[in-house]
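The values are calculated or read from the model by the stated rules, or taken from the named source; none is laboratory data. Just so it is clear, the model here is predicted, and its values are computed rather than measured. Neighbour counts are summed over all protein chains in view; Cβ atoms, including those assigned to glycine, are modelled from backbone coordinates with ideal geometry. SASA here: full protein model, heavy atoms, side chains in, ligands and nucleic acids out. Shrake-Rupley method; radii C 1.70, N 1.55, O 1.52, S 1.80 Å.
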Amino acid sequence: GVFVATQAAIKYMSGGGRIINIGSISSDYMPIGGQSAYAMTKGAIAGLTRGLARELGPSGITVNNVQPGRVATDLLRTAVGTYYDQIPKTIAVQRFGEPEEVAAMVSYLCSEEASYVTGAQLRVDGGTSV
């Protein structure tokens, strides 16, 4: 999906722009088993991001990958079940992230201040992966 959406978007970006992928810390960090296929897809997003950053940079297009950690959502609660209350203990800041914190990183990457940031894998994970 990320590849197809990017191909479609590039057609409208002749004046430059921003591509911001949403991956996961699971591309580099595996806190629990049973997520191999998920991690593989997120690793592919990371590789695609780096490759496209190099290919599209001359056209004024930056490409970055935001990698959220554990964010407080209904999906997370459902996915981890009774383990949910234990997760904050594994995070350096001792709490879940909020969707707004991930959105703030995306907003920054859309800004002119981020015009020199490309090919980056930016973790928003409260220190989970350190």
Note on the stretch 35-47: residues open to solvent by 40 Å² or more (accessible area, probe 1.4 Å) and of a type in the set (A, V, I, L, M, F, W, C) are A37, M40, A44
For D74: the one exception among (1) at pLDDT 95 or above; (2) exposed (fewer than 14 other Cβ atoms within 10 Å of the Cβ): (1)
Would you confirm whether or not the stretch 90-101 contains a residue that is of a type in the set (S, T, Y), more than 19 Å from the chain's Cα centre (by Cα) and exposed (fewer than 13 other Cβ atoms within 10 Å of the Cβ)? no
What pairs can you find where one residue is in the stretch 1-30 and of a type in the set (F, W, Y), the other is assigned to a loop (DSSP other than H, G, I, E, B) and open to solvent by less than 80 Å² (accessible area, probe 1.4 Å), and their Cβ atoms are less than 6 Å apart, with a gap of 6+ or different chains? Y29/S129
If I ask for residues that are assigned to a helix (DSSP H, G or I) and loosely packed, with under 15 Cβ neighbours inside 10 Å, which ones from the stretch 1-34 would you list? F3, V4, A5, Q7, A8, A9
